[in-house]
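To start, the structure under review is shown below, and the notes come after it.
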Amino acid sequence: ISDGRGGTATATVTITVTDAQVSVFLPLQAGAPIANQPDLVVGEIVVNPATPQAGAAAEVRVTVRNDGTAAASNFWVDLYINPSRAPGVNDPWNELCTLDPCFGMAWFYTGTLAPGASVELISLPSSVQMANGYVAESSVWPGYFANGTSKLYAVVDSWNRDTSGGVRDPNGAVVESNETNNLTERDLTVAPGVVTQTRAFPSPLSVPDRAPVR
């Protein structure tokens with residue numbers, strides 16, 4: 001150290017440096033927004049009377065609900081009676097028969113099912129007066145259950161094959177937010193009864209193929 005007049009001296013100086021914190025701000029890129037989608041589920045399968053007798057009049061009602069955030073339309077719903085296995089999408093009821101005679105129903109919903117809404121499908125043939133009835137040419141239902149009936153399944157958005165029968169879309173006709181909740185099932189007790197067959201029932205495999213949905 002010099003005083004500027006020729007005098008000098010020595011000294012020891014300690015300097016402490018503390019690491020500075022540096023913040024780096026990176027730009028955030030938002031992903032594409034998730035589009036609203038429907039989510040079709042089968043709410044319940046109701047049978048009236050609750051314990052029907054084989055050969056006696058019975059009614060079936062299937063409730064379908066839209067739990068999604070967008071409307072859905074133009075989809076199939078199948079009812080399976082004692083199928084050979086749990087059905088899935090693109091399994092029409094008539095390809096999984098085990099009982100003889102084998103019955104089943106298929107509905108095609110052409111309305112618009114809004115988010116949060118539900119529709120009740122009934123076991124009567126579709127007509128101008130019965131818009132939520134089943135498609136007659138895709139169903140075999142005499143209005144009663146056969147002896148041996150013990151299990152019912154329903155699948156919503158159950159069909160989307162092409163004209164050759166090949167799978168057109170493994171998820172059906174409606175793109176949904178959840179494709180794993182389209183099946184419901186229930187046990188059913190059918191009391192034995194005498195079935196008086198007044199007409200020949202068509203073979204399940206003779207039920208014509210359905211037209212592709214989309």
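Could you tell me whether segment 38-139 comes out rounded, prolate or oblate from its Cα gyration tensor? Rule is a ≥ b ≥ c as square roots of the eigenvalues, rounded for a/c under 1.5, then prolate if a/b exceeds b/c, otherwise oblate.
Note, shape of segment 38-139 comes out prolate.
Here residue 181 and residue 136 are evaluated by their C-beta separation; at R0 = 30 Å the FRET efficiency comes out at 0.55.
Annotation for segment 37-84 versus segment 134-172: alpha-carbon center distance of 11 Å. The modelled label-to-label distance between residue 209 and residue 114, using points 7 Å beyond Cα along the C-beta direction, is 3.8 nm.
Bear in mind that the values in this text are calculations on the coordinates, not laboratory data. No experiment lies behind these values; they were computed from the predicted model shown. Please note: Cβ atoms are built from the backbone with ideal geometry, for glycine as well, and neighbour counts cover all protein chains shown.
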